[in-house]
Amino acid sequence: MVGVGGACCGRTGRNARDWVLRRRAKTNSFPPSIHSISVTFHDDKDGSSTTVAVPIGTNLLEAAHGARVDLEGACEGSLACSTCHVIVEDPALYAAMPEPDDDENDMLDLAFGLTETSRLGCQVVAKKELDGLAVRIPGATRNFAVDGHVPKPH
């Protein structure tokens, strides 16, 4: 499958993009491949767990939205909020990630339920070393822009 804007199954441009998005909605995931990792999202709000094939280079916020996982992301990944806060369950996989930069740490200070292994989903990018990653989505967020509003994924 080719990404947005490329030819895909005889489709080009907007038609290819729409086809890819419809396919993701039907399969509840990005298609698994050797160029993806397995990530499990555990949602504290409803107790659900969803395992997703995340393409290498894709951040967890994009992956969650593509798989219809309820990870808020009010600022749409611009590092201006903490609503995509996730908690990495395995300290060894947390250690395999690059350190959060100062901007991410500033936003994490505002996150609900902050822990030692907290990260913003928009800043965690899939790489082979993170295969098998499991993250927990806290039961609440702090959205200072519009509390209670959940933006629709793109």
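The values are calculated or read from the model by the stated rules, or taken from the named source; none is laboratory data. All values reported here derive from a predicted model rather than from experimental measurement. Cβ sites come from the backbone with ideal geometry, for glycine too, and all protein chains shown count toward neighbours.
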Looking only at the stretch 113-124, filter to residues that are among the polar types (S, T, N, Q) and assigned to a loop (DSSP other than H, G, I, E, B); which one of those is surrounded by the most Cβ atoms within 10 Å (Cβ to Cβ)?
T117
Whether any residue in the stretch 125-132 is outside any loop (DSSP other than H, G, I, E, B), under 23 Å from H35 (Cα atoms), basic (K, R) and at pLDDT 95 or above is what I want to check.
yes
Kindly provide the set of residues from the stretch 21-42 that are in contact with a Lys or Arg (Cβ under 8 Å, 6 or more places away or on another chain), surrounded by 18 or more Cβ atoms within 10 Å (Cβ to Cβ) and modelled with pLDDT under 95, ordered by number.
F30
Going by the structure shown, is L110 of a type in the set (A, V, I, L, M, F, W, C), farther than 13 Å from F41 by Cβ and surrounded by fewer than 17 Cβ atoms within 10 Å (Cβ to Cβ)?
yes
Which of the numbered conditions does P98 fail, given that it passes all the others? Conditions: (1) part of a loop (DSSP other than H, G, I, E, B); (2) in contact (Cβ under 8 Å) with a residue 12 or more places away in the chain.
(2)
